[in-house]
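Participant: One structure is given below, represented as structure tokens, and several questions about it will come after.
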Amino acid sequence: MLKVGDKAPAISLLDQHEKKVSLKDFPKQKVLVYFYPKADTPGCTEQSCLLRDLRKLIGKTAIIGISPDDSTKQLKFDKKFDLGFTLLADTEHVVAKSFKVWQKKSMYGREYMGIVRSAFLIDEKGKIEQAWYKISPKDTPKNLLKALEK
């Protein structure tokens with residue numbers, strides 16, 4: 001698990017517009033990186049829309065959502081809910097693995113690998129300022145606002 005003070009793992013993925021995006025594209029600003037299991041599902045939609053709705057309250061802090069969905073699905077999700085922030089396609093789970101959120105899960109007795117909903121606030125120097133593993137959709141924006149108040 002990543003901890004406060006750790007260097008954030010590198011990110012280099014295609015966004016919903018098929019443009020390569022990395023953390024270096026957000027110099028001198030904090031970045032919330034949140035991982036969600038699947039675009040346009042109830043929990044992921046709630047989480048993303050709550051983050052969309054607080055953008056005016058977080059100043060220059062950038063928001064990046066990452067899921068295993070491809071760029072086409074990410075674009076549909078963005079357009080459907082007018083999210084307006086970067087959504088990255090981690091179809092090979094490379095970034096999810098580096099952030100330690102690609103884990104074994106189980107449902108109805110069936111085990112499988114998947115995203116553990118998590119969020120990370122990364123400071124202007126590329127260090128983990130906050131790490132929230134197994135976060136609920138509703139707590140993601142609350143925790144972000146609380147962390148930015150400090």
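Participant: Pairs, please: C-beta under 6 Å, at least 6 apart or cross-chain, first residue acidic (Asp, Glu) and in the range 81-92, second surrounded by 14 or more Cβ atoms within 10 Å (Cβ to Cβ) and not in a strand (DSSP E or B)?
Facilitator: Pairs that qualify, where the first residue is acidic (Asp, Glu) and the partner is surrounded by 14 or more Cβ atoms within 10 Å (Cβ to Cβ) and not in a strand (DSSP E or B), are ASP90/PRO68; ASP90/ALA96.
Participant: Testing ALA39 on (1) within 19 Å of ILE128 (Cα to Cα); (2) crowded, with 18+ Cβ neighbours inside 10 Å; (3) among the aliphatic types (A, V, I, L, M), one condition comes back false. Which one is that?
Facilitator: So the condition that ALA39 fails would be (1).
Participant: Which of the residues belonging to the range 132-150 are surrounded by 15 or more Cβ atoms within 10 Å (Cβ to Cβ), part of a helix (DSSP H, G or I) and not acidic (Asp, Glu)? Working first, answer last.
Facilitator: So the first thing to find is which residues in the range 132-150 are surrounded by 15 or more Cβ atoms within 10 Å (Cβ to Cβ), and the list is 132-133, 135, 137, 139-141, 143-144, 147-148.
From what's left, part of a helix (DSSP H, G or I): 139-141, 143-144, 147-148.
Across the range 132-150, the qualifying residues are THR140, PRO141, ASN143, LEU144, ALA147, LEU148.
Participant: Another question, if that's okay. Would you mind finding the one in ALA119, ALA96 that is among the small types (Gly, Ala, Ser), buried (at least 19 other Cβ atoms within 10 Å of the Cβ) and in a strand (DSSP E or B)? Before the answer, list the steps.
Facilitator: Numbers: ALA96 fails: in a strand (DSSP E or B).
Matching residue, one of ALA119, ALA96: ALA119.
Participant: Any idea which residue in the range 94-147 is nearest to GLY65 (Cα to Cα), counting only those that are at pLDDT below 95 and hydrophobic (A, V, I, L, M, F, W, C)?
Facilitator: MET113
Participant: Would you confirm whether or not the range 80-90 contains a residue that is among the basic types (Lys, Arg) and not in a loop (DSSP other than H, G, I, E, B)? Reasoning before the result, please.
Facilitator: Taking the range 80-90 first, the residues among the basic types (Lys, Arg) are 80.
With not in a loop (DSSP other than H, G, I, E, B) added as a condition, the list becomes 80.
So far as the range 80-90 goes, yes, one or more of its residues are among the basic types (Lys, Arg) and not in a loop (DSSP other than H, G, I, E, B).
Participant: Follow-up. Name the pairs: first residue in the range 19-33 and in contact (Cβ under 8 Å) with a residue 24 or more places away in the chain, second residue surrounded by fewer than 19 Cβ atoms within 10 Å (Cβ to Cβ) and in a strand (DSSP E or B), Cβ to Cβ under 7 Å, at least 6 apart or on different chains?
Facilitator: PHE26/ALA62; GLN29/ALA62; VAL31/ALA62
Participant: Here's a follow-up. Which pairs have Cβ atoms under 6 Å, sit 6 or more apart or on different chains, and link a residue in the range 57-75 that is buried (at least 18 other Cβ atoms within 10 Å of the Cβ) to one that is in a strand (DSSP E or B) and among the aromatic types (Phe, Trp, Tyr)?
Facilitator: Close Cβ pairs (under 6 Å, with a partner that is in a strand (DSSP E or B) and among the aromatic types (Phe, Trp, Tyr)) amount to GLY65/TYR34; ILE66/PHE35.
Participant: Of the residues that make up the range 122-131, is at least one in contact with a strand residue (DSSP E or B) (Cβ under 8 Å, 6 or more places away or on another chain), crowded, with 18+ Cβ neighbours inside 10 Å and part of a loop (DSSP other than H, G, I, E, B)?
Facilitator: Restricting attention to the range 122-131, the residues satisfying the condition of being in contact with a strand residue (DSSP E or B) (Cβ under 8 Å, 6 or more places away or on another chain) are 122-123, 126-131.
Pick out the ones that are also crowded, with 18+ Cβ neighbours inside 10 Å and you get 122, 128-131.
With the extra rule that they be part of a loop (DSSP other than H, G, I, E, B), the set shrinks to none.
No, the range 122-131 has no match at all.
The values are calculated or read from the model by the stated rules, or taken from the named source; none is laboratory data. On a predicted model such as this, the values are computed, not experimentally measured, just so you know. Here the Cβ is made from the backbone with ideal geometry for all residues, glycine too, and neighbour counts use every protein chain on show.
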